[in-house]
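Chemist: Before I ask anything, here is the structure I am working with.
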Amino acid sequence: MIDRRRTPLILSLLLLAISTASAGGGAWNRAPGGYYFKIGLNSLSADEEFGRGGRRQPIFADTSNFRDGGFGMTDIGFYGEVGVTDWLTAVASTQFKVAVREAENRTTRRDTTASASGLGDLWLDGRIRLAPDDVPYVAALTIGVKLPTGSPYQQVPLGSGVVDYEAGLAVGTGFPVAGLDGYAQLFGGYRLRNNASDEINYLMEVGVRLSESIILQGIIDGTHSTADFDAAGIGPGDLSGLSTFDQSYARWTLGTIIGMREGLDLNLGYGAHISGRNALAGSTILIGVAWKQ
């Protein structure tokens with residue numbers, strides 16, 4: 001028997017544990033007719049979480065029903081960009097998810113498992129170029145809508161079941177680094193949510209081209225929920241005042257892009273959550289292949 005007072009919150013955190021703010025929030029636009037399509041395999045594992053107060057603790061530490069909890073999720077992500085005009089890029093992203101929760105029931109001392117698989121939510125974005133061509137930086141406004149294609153009714157929810165909206169601003173530029181080409185971009189967005197508190201999403205990314213075919217990346221990204229975690233409940237498992245989808249987190253990711261041949265890239269990465277509230281404290285391995293023009 002799943003503890004309905006506690007587990008729906010933790011299970012739902014898997015929804016955002018791998019993906020971040022709307023993936024369309026980049027600073028660079030595609031040329032008209034240009035494209036970027038990526039298929040990625042992301043694998044997350046976690047046996048700790050950040051509690052409502054931000055303290056790192058074992059999963060299910062604040063419930064009396066379970067102990068020795070662990071989560072694992074693998075998703076196959078699909079991401080695409082298409083240049084519609086010289087100022088507009090269309091972006092779409094979704095995932096096929098497989099998620100598993102394991103824990104020991106304190107009363108029966110038996111291992112319990114909850115699992116789910118299926119399509120996640122679908123994000124559709126429009127990225128609008130703001131900066132003219134004759135300036136040394138790029139800027140873009142992204143407006144997006146999330147369609148609830150992921151089921152919220154499985155043992156591990158794969159979606160929120162409602163439409164969400166987001167708008168964000170990104171800026172980026174290139175610069176030399178010790179004789180190499182580097183770049184940086186910043187993104188900040190606000191998400192309007194219909195089944196949870198609104199969120200502020202952010203991303204900071206720096207990259208260096210080590211050779212003609214290798215780019216090294218460093219990323220810090222996260223989500224800040226407007227929910228009042230301090231006022232939500234007072235006892236173990238008491239979630240009054242919180243939606244099951246309210247969370248804040250920050251994480252880092254190191255990655256590399258390897259050019260296999262013209263128009264084909266291999267993406268590799270590793271990331272970990274470093275802080276949060278009502279969020280998993282997990283690590284993620286990322287592998288992807290991208291086609292571009």
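Every read-out reported here was derived from the displayed coordinates using simple, explicitly stated rules and does not represent laboratory data. As the structure is a computational prediction, the values presented were derived from the model and not from experiment. Glycine gets a Cβ as well: all are built from the backbone with ideal geometry, and neighbour counts include every protein chain shown.
Chemist: Rounded to the nearest angstrom and ordered from largest down, what semi-axes does the equivalent ellipsoid of the chain get from its C-alpha gyration tensor (root of 5λ)? Provide the component values of the computation, followed by the final result.
Modeler: Details: eigenvalues 251, 76, 62 Å².
The three semi-axes for the chain are 35, 20, 18 Å.
Chemist: Something else: Over the range 177-293, what is the relative contact order in percent, taking alpha-carbon pairs closer than 8 angstrom and at least six residues apart? Write down the numbers at each step before the final one.
Modeler: Values: 260 pairs, mean separation 22.0, N = 117.
Once divided by the residue count of the range 177-293, the mean separation gives 19 percent.
Chemist: Additional query: I need the peptides 286-292, 44-50, 188-194 ranked by packing, meaning the mean over residues of other C-beta atoms within 10 angstrom, with the highest value on top.
Modeler: Those peptides, ordered most packed to least, come out 44-50, 188-194, 286-292.
Chemist: If you don't mind, another one. What's the extension gain from ARG109 to VAL162 if we count 0.36 nm per residue and subtract their Cα-Cα distance? All intermediate terms of the calculation are to be shown ahead of the outcome.
Modeler: Values: separation 53, 0.36 × 53 = 19.08 nm, distance 3.68 nm.
Gain on stretching ARG109 to VAL162: 15.4 nm.
Chemist: What value, in deg cm²/dmol to 500, does the helix sum -39500 (n - 2.57) over DSSP H runs of n ≥ 4 give at 222 nm once divided by the residues of the chain?
Modeler: Taking each H run of at least 4 residues, the total per residue is -500 deg cm²/dmol.
Chemist: Regarding the range 85-240, what is the average projected area of its C-alpha convex hull, in nm²?
Modeler: It is 14.0 nm².
Chemist: Only loop residues by DSSP count here, and only those with at most 12 other Cβ atoms within 10 Å; note down the trypsin sites (Lys or Arg not before Pro) in the range 92-130 that meet that.
Modeler: Sparse-neighbourhood loop trypsin sites (Lys or Arg not before Pro): ARG109, ARG110.
Chemist: A further question follows. Of THR226, THR253, THR142, which has the largest mean-square fluctuation in a 10 Å C-alpha GNM of the chain?
Modeler: Largest GNM mean-square fluctuation: THR226.
Chemist: To continue, here is another question. Quick query: amide H of ASP181 versus all other amide H atoms, modeled in the peptide plane; which residues come in under 5 Å with a sequence gap of 5 or more or a different chain?
Modeler: ARG209
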